[in-house]
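The structure appears below as structure tokens.
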Amino acid sequence: MKCGLILTAILTISTCLWAGNITFYADDNQDGTFTLGYSSYTGDAPVGIALVLETDAMFLSYTPVDSFFDAFIDFAHDDQAAYDPGSGPIAPPGPGFPMSSFSLCMGELNPESAPPSGGVFAIIGTGGPALVTISEDTLRGGVVDEMAAAMTTNLPMTIAVTQNPQP
């Protein structure tokens, strides 16, 4: 019994030591939008990212930025025959903006390429001042690395989106 407990403890500790880390950021652009991305990762490369974005206002726009993560699982699942790899990461696919919450669900399917050390996913607009909370979308798997292991993140985080007056 003791050997089993010790082995379990060692496996738990070693799994934590080998788990990858990823650092996300959300920068206020001071124009009613913010830029969402990641600044670094360690360990195995991230290949799947699912985030929930919630605001006390309304999200009005989503402008994608060409990134490494270009496979959008929700769109493939909902309409396999009409799936277009460029369809976008907003999940679930629905009527569109405005909305007070949505998920970004994206991945990379090319096992021979590694993501850059940092990147931008999107510029997201609220149209004015808002508080936005970003967290892992556990329903869609959160953030996983190339070994299908959950990555450690700095989420949840909250950003205050501002809008400076026009000159």
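Taking the range 116-167 as the region of interest, what is the percent of Cα-Cα pairs per 5 angstrom bin, listed from the shortest bin to the one with the maximum distance?
Reading upward from the zero bin: 5, 13, 17, 24, 17, 11, 7, 4, 2, 1, 0.
Once you have all Cα-Cα distances for the range 102-144, histogram them in 5 Å bins from zero and send the whole-percent values.
Binned Cα distances yield the sequence 5, 12, 22, 23, 20, 10, 5, 3, 0.
For a quick protection proxy, order the peptides 27-37, 49-59 by their average other-Cβ count within 10 Å, most packed first.
Values: 27-37: 17.5, 49-59: 19.9.
Highest-to-lowest ranking by the protection proxy: 49-59, 27-37.
Under a crude label model (7 Å from the Cα following the beta-carbon direction), how far is ASN21 from SER39 in nanometres?
1.3 nm
Calculate the FRET efficiency for MET157 and MET58 from the Cβ-Cβ distance with a Förster distance of 25 Å, rounded to the nearest 0.05. Don't skip to the end; give the middle numbers.
Working: r = 20 Å, r/R0 = 0.79.
The calculated FRET efficiency here is 0.80.
Computed from the coordinates by the stated procedures, all read-outs in this text should not be read as laboratory data. Please read all numbers here as calculations on a predicted model, not as lab measurements. Virtual Cβ from ideal backbone geometry, glycine too; neighbours counted across all protein chains shown.
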